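Read-outs: derived from the displayed coordinates by stated rules, not from any lab. Quantities reported herein were computed from a predicted structural model and do not represent experimental measurements. Reconstructed Cβ throughout: ideal geometry from the backbone, glycine too, with neighbour counts over all protein chains shown.
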């Protein structure tokens, strides 16, 4: 009868070794140790379980399904670009913070939403115009975003009730200027 604790530990060891196999630094370490062994030198830390089972052909390429994560900043920027492109409009840092959480990107710092805002504000891929709705892609310039612009274009071409009835757009008896809201 086998010990369940030993079985669990061996299973965990196998899972950790499998995960280490995907790490490029670990792959380089394994290759260097193989070179040292071939040249007759003694490798340090030879008590690692990986030394007992050397890999004769070290893997230098990642499987296609594994995405190489370069930096958390790049992950944050890519997720924000994806969201802004998909929605076609600017987004507040709070909205983008929710997007990051839904994608499993953990933002650290004392106030994570401020950390996210700082990351986006210092990136050259975004600009922040509060009056237009917050963060947008730099290529949008000073606009609210492509979907908002398209909505405004359609709204500008829509027919108003005064065009149908032939009546003036404002009554001559009104004392408030409808264009700027002043009396």
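For the reader, a short list of remarks on this structure follows.
- If R0 equals 35 Å, the separation of the Cβ atoms of residue 71 and residue 9 corresponds to a calculated FRET efficiency of about 0.55.
- Residue-span extension gain [residue 125 to residue 35] - 0.36 nm each, minus C-alpha spacing: 28.0 nm
- Residue 78 versus residue 143: modelled label distance in nm, points set 7 Å from Cα along the beta carbon direction: 2.7 nm
- Each peptide among 16-24, 88-96, 30-38 gets the average number of other Cβ atoms lying within 10 Å of its residues, and from highest to lowest they stand as 88-96, 30-38, 16-24.
- Whole-number Å³ per residue for the convex hull built on Cα positions in the stretch 72-140: 77 Å³
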